[in-house]
1. Just to be sure before I move on: is Gln128 within 21 Å of His23 (Cβ to Cβ) and of a type outside the set (Ser, Thr, Tyr) in the structure I sent?
2. Would you mind stating whether Ala50 is surrounded by fewer than 18 Cβ atoms within 10 Å (Cβ to Cβ) and assigned to a helix (DSSP H, G or I)?
3. Restricting attention to region 95-107, and to residues there that are surrounded by 18 or more Cβ atoms within 10 Å (Cβ to Cβ) and away from the ligand (no atom under 11 Å from the Cβ), which single residue is farthest from the chain's Cα centre (by Cα)?
4. Considering only residues that are within 21 Å of Asp200 (Cα to Cα) and of a type in the set (A, V, I, L, M, F, W, C), look in region 68-87 and name the one that is nearest to the chain's Cα centre (by Cα).
5. For region 108-154, name all the residues that are within 13 Å of the ligand (Cβ to nearest atom), crowded, with 22+ Cβ neighbours inside 10 Å and not in a helix (DSSP H, G or I).
6. Looking only at region 71-78, decide whether some residue is within 16 Å of the ligand (Cβ to nearest atom), in contact (Cβ under 8 Å) with a residue 24 or more places away in the chain and closer than 24 Å to Leu12 by Cβ.
7. Using beta carbons and a limit of 8 Å, which pairs, at least six apart or on different chains, have the first residue in region 102-124 and under 14 Å from Ala50 (Cβ atoms) and touching a residue at least 12 places away in the same chain (Cβ under 8 Å) and the second one within 11 Å of the ligand (Cβ to nearest atom) and of a type in the set (Asp, Glu)?
8. Can you pull out the residues in region 155-172 that are within 13 Å of the ligand (Cβ to nearest atom) and either surrounded by fewer than 19 Cβ atoms within 10 Å (Cβ to Cβ) or on the phi > 0 side of the Ramachandran plot (or both)?
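All of the numbers you see were taken from the coordinates with simple rules; none came from a lab. Please read these numbers as outputs of a predicted model, since none were measured by experiment. In this analysis, Cβ positions are derived from the backbone assuming ideal geometry, glycine residues included, and neighbour counts consider all displayed protein chains.
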Amino acid sequence: MSVIAQQMLTGLTRPALQQIGNHRLQPAAAAAFFLMQQAAAAEGINITIASSYRDFATQLRIWQGKLSGQRPVFDLNAQLIDLSQLDDRTKLYAILHFSALPGTSRHHWGTDFDVFDSAAISSDYQLQLTPAEYTADGPFHRLDSWLGKHAARFGFFRPYRQYLGGVAVEPWHLSYWPQAKHYQSALTKEQVLFACKNADLFPQDLLKTEIDEIMRRYVFNICEGTNE
Ligand SMILES: [Zn+2]
C-alpha cells in the first residue's frame, strides 16, 4: 500500500468520495447503499445517513471537545462522567467507549456510516443515536430488524452490533465489508501513532504504552462481517 493510501487509513488523506446529500462515501459503498435504501423503501423504511466520512481533524475535534468538557462523556450506563477528576489514562479509556481514537475511526475510510429511519419519526424528532432507539420500544426497531436480515446481501455489516468489551453497542453503524475488510487488515499501530504524533491529545508516551491495548480492544475487536 502506498504512503498516500496508508495515510487514508488514519484519516490524514481523503479517499475519492461521492456526495450523498450532506454526506460522503466511497463510490462503491455509495452504490451499494443506494441499492439497500431502495430495497428498504419498498417496505416503508427510509434508511437515512446521520454521519459518514470523517477525516482525522474532525475526529480530533470530537476528542478535544470531550477532553475540554465542551462535549459530554458518558459511561456504559449512560451516566455523565466528570473527566476533570481523572488521570490521562482513565480519560483515554472513558472516551474510547463511544469515540474512536483519531486515526482509528472506521469513518476515516469512506466505507462506514451511521443510519436511522427517517420514515419512523416526525420532522421535529431529535435524533440521539442511542441503543434504546433501536430496541423494541424505539422508533428504529423495524430498521434494526431489517438490517439484521438484509444488510449483508448488499455487502454491509454492523461491527458494533454487540458489546464485545470495547466499543459500546452501535446498531446504527454500518460498514461496507468488501472494502473495509482490506482497510481493517492494513491498519497498524505505527500508522496510528504517526497520525497522533502532532495531535496535541495525550502525551505520546501514554499512547505508545496503550496502543496495543487500544488496537486489540477497540479497533480489531468487532463483530465480523459474515454473521450479521
Ligand atoms: Zn459510526
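1. Working: within 21 Å of His23 (Cβ to Cβ): yes; of a type outside the set (Ser, Thr, Tyr): yes.
So Gln128 fits the description; yes.
2. Values: surrounded by fewer than 18 Cβ atoms within 10 Å (Cβ to Cβ): yes; assigned to a helix (DSSP H, G or I): no.
Taking the combined requirement at face value, the residue does not satisfy it.
3. Filtering first and then ranking leaves Ile95.
4. Filtering region 68-87 down to residues within 21 Å of Asp200 (Cα to Cα) leaves 68-73, 82-87.
After this cut, where a residue has to be of a type in the set (A, V, I, L, M, F, W, C) as well, the list is 73, 83, 86.
Numbers: Val73: 16, Leu83: 22, Leu86: 25 Å.
My answer is Val73.
5. Result: Gly110, Thr111, Asp112, Phe113, Val115, Phe116.
6. The answer is no, given that none of the residues of region 71-78 is within 16 Å of the ligand (Cβ to nearest atom), in contact (Cβ under 8 Å) with a residue 24 or more places away in the chain and closer than 24 Å to Leu12 by Cβ.
7. These pairs meet every condition: Asp114/Glu170.
8. Ala168, Val169, Glu170
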